[in-house]
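In what follows, a single structure is set out as structure tokens and then discussed.
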Amino acid sequence: MSSETTEVHHEAHGEHESMTRGKIWKVFFVLLGITVVEFIIALLLVPKGIVPLHIANPIYIVLTLAKAFYIVAYFMHLKFERIGLMLSLIVPVLFIIGLILVLTNESHYWIDLRGTISGHK
């Protein structure tokens, strides 16, 4: 009985053994650095007019996607999974993001069209 429990414990531990404390701390400091950069941009650079808001917003999006990558890849262990599982998660998310972008563009069209019909423009 004790050999069975040792085998099961070893298999469960071996699944994610490449995630060590050192890597966890490294990812933590990367996430901390990205967050600090976001706060510096939001609290110092944008209010003082050093970085315009139309430039800061894409920077926020890129930094947020980088943080999401690190969280999903390391803390949710997706980086250590097989390519099939990764693709089955990533491809639908990309389609959803594309759908959101298309619908946002469409909504602006309908708002502009409604304004020209009613004579407000």
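The values are calculated or read from the model by the stated rules, or taken from the named source; none is laboratory data. Note that the structure is predicted; figures quoted are calculated from it, not measured. Backbone-built Cβ (ideal geometry, glycine too); neighbour counts: all protein chains shown.
Looking at segment 12-19, can you tell me whether even one residue there is farther than 23 Å from ILE97 by Cβ and at pLDDT 90 or above?
Residues of segment 12-19 that are farther than 23 Å from ILE97 by Cβ, as a first pass: 12-19.
After this cut, where a residue has to be at pLDDT 90 or above as well, the list is none.
No, that holds for no residue.
Could you list all residues from segment 70-82 that are within 16 Å of TRP25 (Cα to Cα), surrounded by 13 or more Cβ atoms within 10 Å (Cβ to Cβ) and at pLDDT below 85? Walk me through how you get there before you give the answer.
Restricting attention to segment 70-82, the residues satisfying the condition of being within 16 Å of TRP25 (Cα to Cα) are 70-77.
Restricting the remaining residues to those that are surrounded by 13 or more Cβ atoms within 10 Å (Cβ to Cβ) gives 70-75, 77.
Residues satisfying the conditions are VAL72, ALA73, TYR74, PHE75, HIS77.
Taking the conditions exactly as written (at negative phi, modelled with pLDDT under 90 and either surrounded by 10 or more Cβ atoms within 10 Å (Cβ to Cβ) or in contact with a Lys or Arg (Cβ under 7 Å, 6 or more places away or on another chain) (or both)), does ILE24 satisfy them or not?
Numbers: at negative phi: yes; modelled with pLDDT under 90: yes; either surrounded by 10 or more Cβ atoms within 10 Å (Cβ to Cβ) or in contact with a Lys or Arg (Cβ under 7 Å, 6 or more places away or on another chain) (or both): yes.
For ILE24, the condition - at negative phi, modelled with pLDDT under 90 and either surrounded by 10 or more Cβ atoms within 10 Å (Cβ to Cβ) or in contact with a Lys or Arg (Cβ under 7 Å, 6 or more places away or on another chain) (or both) - is met.
Number of residues in segment 39-61 that are at pLDDT 90 or above, loosely packed, with under 11 Cβ neighbours inside 10 Å and under 21 Å from the mean Cα position of the chain (by Cα) equals 1.
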